[in-house]
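Asker: Sharing a structure, written as structure tokens. Questions coming.
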Amino acid sequence: MTISVYIPLLVTVVLAVLAPRAARRPAPGPAAWFLACAALVTAAGWLGSLALLAFTGFAQIPEVAEEGHWSVAALRAEDPVSLAVAAVSALALAAGVVSLPVAAVRQIRQVLWARRECGRMPGDTELAVLDDETPQAFALPGAPGRIVVSRGMLRCLGDGEREALLAHERAHLRCRHHLFQAVWHLTAAVNPLLRPLAETGGFILERWADEEAAAHVGSRTVVARAVGRAALASAGASRPAALAATGGAVPQRVRALLAPPPPRRTLPFVAGALLLTLCCASLANAASDSESLVESAERAQCAVDTGTQGAARTSHSPQRPDACCGHRGAGEHGSHRR
């Protein structure tokens, strides 16, 4: 367990450093799915490793060992996790556990706000046109969602560019991009090291919508023009907390649209999948080792207690410790052995 428990932490750091750059090269749709899966798996591995480190460290405190009926000496001999490591792990774990519901409440508020705004928009169709000269265009997720465009934005674009803009926002709604954003924000709240994945994910979602719009209108150049003109027209204007066509790094998006479609690469996803598998396998191995460690420490304490009681009575049987430990293991851990 001494090594395996740290592997999920190491995998998290590696993905946080390498994934943001590697995810920009393949097709944006599969890249978004991979980043979401990577964020979920590494966040769970992060919490699991911190919990195991905190437990095995604090389990060596005599008062805790007395309540758990296990031997401190046996724990220290087999898995010497220092109290300093356990304390840091416990603090990081507590910070993540506290931050998660706060981030969840924030996401719920955004969803409720978007649904209220959908109901306030004029008309009952998918497209809502605002009588406003300020150029803006965005998608409001809901049931169903709405595409909001101002008259000022429509005046800035030609017919083909308007179609590309609407196709871009429609892709945000159809592909449920707000759910991807929620996953990245929640996992980043659990582990701040995952914030680069959330930042890169926002750009990839815009690229995904760009590629969907290009496939719809049949011209990557038209979509690039629409993105560039919409961004220039809305420069300096405040945007709501929604999926906007002018979001992300616009120059990089335009450059990608003027280039050929991104190839479907498999190597980055295979390498990432192997890292995620390693993370899950290491965490499972560390949890199994921790369970075996506690069982061994309980048997050691059981033998000590039984021997002490037998010496006091001066009549203990040599088979008494084994019987006691066997009874404890069957009673408390039998379900794990099955």
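Asker: Just the projected area, averaged over all directions, of the convex hull on the alpha carbon atoms of the chain: how many nm²?
Answerer: Values: hull surface 86.9 nm².
Averaged projected area of the chain's Cα convex hull equals 21.7 nm².
Asker: Which residues' amide hydrogens lie under 5 Å from the amide hydrogen of Arg146, considering only partners 5 or more residues apart or on another chain, with H built in the peptide plane?
Answerer: Hits under the 5 Å cutoff: Leu140.
Asker: What distance in nm separates the two pseudo spin-label positions at Leu18 and Arg116, each 7 Å out from Cα along the beta-carbon direction?
Answerer: In this crude label model, Leu18 to Arg116 measures out at 4.5 nm.
Asker: If Lys and Arg each add +1 and Asp and Glu each add -1, what is the summed charge of the other residues whose beta carbon sits under 15 Å from the beta carbon of Arg264?
Answerer: Working: positive: Arg24, Arg25, Arg207, Arg265; negative: Glu211.
After counting each charged neighbour, the total is +3.
Asker: Report the label-to-label distance for Leu83 and Glu133 in nanometres (one decimal), using points 7 Å from each Cα along the Cα→Cβ vector.
Answerer: Output for this residue pair reads 7.1 nm.
Asker: Working only with C-alpha atoms, what are the Rg and Dmax values of segment 176-234, expressed in angstrom?
Answerer: Rg, Dmax (Cα atoms, Å): 14.3, 41.
Asker: A follow-up question, please. Hey, could you get me the Stokes-Einstein D for segment 78-153, Kirkwood radius over alpha-carbon pairs, 10 °C and 1.306 mPa s, rounded to whole µm² s⁻¹?
Answerer: Values: Rh = 15.9 Å.
Rounded, D is 100 µm²/s.
Asker: Let me ask something additional. If you wrap a convex hull around the alpha carbons of segment 106-202, what volume per residue comes out, as a whole number of Å³?
Answerer: On the way: hull volume 10.8 nm³, N = 97.
Output value, Cα hull per residue: 111 Å³.
Asker: Please work out how much accessible surface Ile3 shows to a 1.4 Å probe, ignoring ligands, DNA and RNA, in Å² rounded to 10.
Answerer: The accessible area of Ile3 comes to roughly 130 Å².
Asker: If packing is taken as the average number of other Cβ atoms within 10 Å across a peptide's residues, how do 152-158, 4-10 rank, most packed first? Don't jump to the answer; show the numbers that get you there.
Answerer: Values: 152-158: 17.6, 4-10: 20.7.
Output ranking for 152-158, 4-10: 4-10, 152-158.
Asker: Compute the relative contact order of segment 167-240 as a whole-number percentage, counting only Cα pairs closer than 8 Å that sit 6 or more residues apart in sequence. List each step's numbers first, then the result.
Answerer: Working: 39 pairs, mean separation 23.8, N = 74.
Once divided by the residue count of segment 167-240, the mean separation gives 32 percent.
Asker: Quick one: what Rg and Dmax do you get for segment 1-130 from the alpha carbons, in Å?
Answerer: Rg then Dmax for segment 1-130, in Å: 22.2, 73.
Asker: For the chain, give the magnitude of the charge dipole about the Cα centre (Cβ charges: +1 Lys/Arg, -1 Asp/Glu; no others), in debye to the nearest 20. Don't skip to the answer; put the middle values down first.
Answerer: Values: 32 positive and 27 negative charges, 235 e Å.
I would put it at about 1120 debye.
Asker: Starting from the Kirkwood Rh over alpha-carbon pairs, what translational D in µm² s⁻¹ does segment 2-76 have by Stokes-Einstein at 10 °C and 1.306 mPa s?
Answerer: Working: Rh = 14.7 Å.
This corresponds to a translational diffusion coefficient of 108 µm²/s.
Asker: Which of the GluC sites (Glu not before Pro) across segment 22-89 are loop residues per DSSP, with 13 or fewer other Cβ within 10 Å? Don't skip to the end; give the middle numbers.
Answerer: On the way: sites: Glu63, Glu66, Glu67, Glu78; in loops: none.
Within segment 22-89, no GluC sites (Glu not before Pro) qualify (loop, at most 13 other Cβ atoms within 10 Å).
Asker: Let me ask something else about it. What whole-number distance in Å separates the alpha-carbon centres of segment 1-57 and segment 150-170?
Answerer: 39
Asker: If you fit an axis through the alpha-carbon atoms of helix 177-190 and take the longest principal axis of the Cα set of the chain, what angle between them do you get, 0 to 90°, nearest 10?
Answerer: 40
Asker: I've got another one for you. Can you tell me the relative contact order of segment 1-137? Whole percent, Cα pairs under 8 Å, sequence separation 6 or more.
Answerer: Details: 73 pairs, mean separation 29.3, N = 137.
Dividing the mean separation by the residue count of segment 1-137 yields 21 percent.
The values are calculated or read from the model by the stated rules, or taken from the named source; none is laboratory data. Bear in mind the structure is a predicted one, so any value in this text is a computation, not a measurement. Positions of Cβ are generated from backbone atoms using ideal geometry, with glycine treated the same way; all protein chains shown enter the neighbour counts. Quick note on the areas: whole protein, heavy atoms, side chains included, nothing else; ligands and nucleic acids left out. Shrake-Rupley method; radii C 1.70, N 1.55, O 1.52, S 1.80 Å.
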